[in-house]
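Asker: One structure follows; several queries about it will come next.
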Amino acid sequence: QRLLPIVPALTSLFTGREDILSWLEEHFIYGSFSLKFNLQQQFVLYELGGAGKTQIIAIINKESIEQFLVQVAHNAHLAEGTSVAALVWVCHQTEWLMIFDNADSPDLDLWKSFPVCSHGNIFITSQNKACIKYAPENFYRVGEMSNEESFSVLLKASHRFHLSEAEYAAARELVQELGHLALAIVQAGGYLNHHQHVKFCQYLESYKQDKPRYLRKIRAYNMDSYTLSVFSSWNLSYQKLDRKAKQVLILCSILHYSKMPIGILKRAWNTLAQSHELDVWEVKEALKLFIDDNGKWNDNSLEEALGNLQFYSLVEITGEGVAFLNIHPLVHVWSYKLLSTEKQKNAQMCAQQLFYPIQKEEMTCHDAVQ
Ligand SMILES: Nc1ncnc2c1ncn2[C@@H]1O[C@H](COP(=O)(O)OP(=O)(O)OP(=O)(O)O)[C@@H](O)[C@H]1O
Ligand SMILES: [Mg+2]
């Protein structure tokens with residue numbers, strides 16, 4: 001604690017994350033971290049808001065500090081291999097760990113905040129994937145919790161352990177519906193803890209009927225210091241998006257949340273730009289944001305918008321050769337709910353019109369075959 005006087009509080013519900021913790025243990029304790037003077041080390045954890053980055057930092061501090069100090073004592077060949085001996089010894093050294101938790105703003109330039117020396121260790125958590133530039137070889141995407149971890153957190157948070165078969169099945173389904181997002185699970189669990197008469201089955205049914213109602217609720221039953229609701233955590237990011245990024249998010253909200261081929265946007269523009277049919281007006285208006293002054297599709301413009309969304313881990317791009325856009329299923333629900341009823345209708349028209357070129361090509365092929 002003398003080394004790390006300000007540490008985030010660890011939730012009593014902390015569960016799982018073995019993969020990330022063992023990766024960190026390897027790097028921090030047994031690997032490059034251990035007394036490697038002459039080389040400053042950086043580590044980055046990134047993911048969507050509410051995924052559990054800060055909590056991972058918290059458990060590292062709580063559980064590993066002792067282990068770390070004992071290792072320091074051994075590595076430094078101290079007569080007494082204890083954490084106390086290590087602490088005394090460390091006081092005479094210049095080795096340190098600096099944590100930048102929630103370093104989310106894309107405007108942050110952390111380089112300026114790094115001590116100018118050739119040793120020490122820096123740990124960063126951020127929603128911004130671009131932060132991996134600080135540690136191009138030592139970064140980790142936190143990802144969703146596993147099915148088992150999510151289920152276990154839900155039971156802990158709701159204080160329900162002896163479940164009937166039906167309740168067990170409903171709880172299993174609920175964690176899936178919550179997209180294995182730590183914050184969403186703890187929020188649902190907190191509600192169920194305070195309403196012990198509400199069964200998992202009931203909660204699941206109501207949740208499925210109106211997800212936004214549950215996800216936007218301020219955490220009146222929060223079990224730790226994270227007080228934002230799932231939606232309000234992302235609303236903070238939304239306010240910082242530019243117009244083009246918001247437009248991409250709108251398109252994502254009405255297409256499937258996983259594996260949307262990014263290339264269809266360009267393909268749609270190239271075909272529909274020539275079309276003067278009135279029934280593609282909505283999609284043309286949407287795609288116009290990504291063209292240059294000559295009316296030609298501008299890949300860079302779309303890249304910028306995607307980069308903007310990645311600052312907050314709102315989208316993920318996968319695939320080699322063909323790039324696909326993926327969003328978390330709850331981000332999908334949220335982004336649709338951000339729109340007014342009129343904009344939702346407009347967005348649905350856009351989605352249908354996006355596929356006109358593909359349908360037309362298929363019909364032409366079909367005619368040719370016939
Ligand atoms: N491993 C876990 N076990 C149980 N609950 C967890 C775990 N990780 C996160 N949570 C719950 O989710 C909440 C949000 O987690 P955390 O603050 O770590 O998110 P974050 O990724 O740092 O989000 P942000 O980007 O908004 O800072 C925590 O307050 C806690 O209630
Ligand atoms: Mg955080």
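The values are calculated or read from the model by the stated rules, or taken from the named source; none is laboratory data. Keep in mind that this is a model prediction, so the values were computed, not measured. Using ideal geometry, Cβ is built from the backbone for each residue, glycine included, and neighbour counts are taken over all protein chains shown. Heavy atoms of the whole protein, side chains included, go into the accessibility calculation; ligands, DNA and RNA do not. Shrake-Rupley method; radii C 1.70, N 1.55, O 1.52, S 1.80 Å.
Asker: When only C-alpha pairs under 8 Å and at least 6 residues apart count, what is the relative contact order of the stretch 174-246, in percent?
Answerer: Relative contact order comes out at 28 percent.
Asker: Before I look further, what does the stretch 203-314 give for accessible area per residue, probe 1.4 Å, in whole square angstrom?
Answerer: Dividing the accessible area of the stretch 203-314 by its residue count gives 52 Å².
Asker: Work out the FRET efficiency for residue 168 and residue 194 from their Cβ-Cβ distance, taking R0 = 22 Å, and round it to the nearest 0.05.
Answerer: Plugging the Cβ-Cβ distance into 1/(1 + (r/R0)^6) gives 0.55.
Asker: Report, to the nearest whole %, how much of the accessible area of the stretch 296-350 belongs to carbon and sulfur atoms, 1.4 Å probe, protein only.
Answerer: Answer for the stretch 296-350: carbon and sulfur cover 50 percent of the accessible area.
Asker: Given a Förster distance of 41 Å, report the FRET efficiency between residue 271 and residue 137 from their Cβ-Cβ distance, rounded to the nearest 0.05.
Answerer: Calculated value: 0.45.
Asker: From the square roots a ≥ b ≥ c of the eigenvalues of the alpha-carbon gyration tensor of the stretch 157-299, which class results: rounded (a/c under 1.5), prolate (a/b over b/c), or oblate?
Answerer: Details: a/c = 3.74, a/b = 2.46, b/c = 1.52.
Prolate, since a/c reaches 1.5 and a/b exceeds b/c.
Asker: For residue 124, what charge total do you get from the other residues with a beta carbon under 11 Å from its beta carbon, if Lys and Arg give +1 and Asp and Glu give -1?
Answerer: 0
Asker: Now a separate question. Can you give the accessible area of residue 19, probe radius 1.4 Å, in Å² rounded to 10?
Answerer: 80 Å²
Asker: Another one. Over the stretch 152-290, what percent of the accessible surface lies on carbon and sulfur atoms, probe 1.4 Å?
Answerer: Carbon with sulfur: 54 percent of the solvent-accessible area.
Asker: Then there is this: Please compute the length gained on full extension between residue 161 and residue 240, using 0.36 nm multiplied by the number of residues separating them and subtracting their Cα-Cα distance.
Answerer: Stretched out fully, the residue 161 to residue 240 stretch lengthens by 24.3 nm.
Asker: Using 26 Å as the Cα-Cα cut-off, could you pick out the over-long pairs in 246/266; 112/246; 133/266? Can you show the working numbers first?
Answerer: Details: 246/266 17 Å; 112/246 30 Å; 133/266 29 Å.
In this structure, 112/246; 133/266 exceed 26 Å between Cα atoms.
Asker: So if we plug the beta-carbon distance of residue 225 and residue 21 into 1/(1 + (r/R0)^6) with R0 = 22 Å, what FRET efficiency do we get, rounded to 0.05?
Answerer: Numbers: r = 21 Å, r/R0 = 0.96.
The computed FRET efficiency comes out at 0.55.
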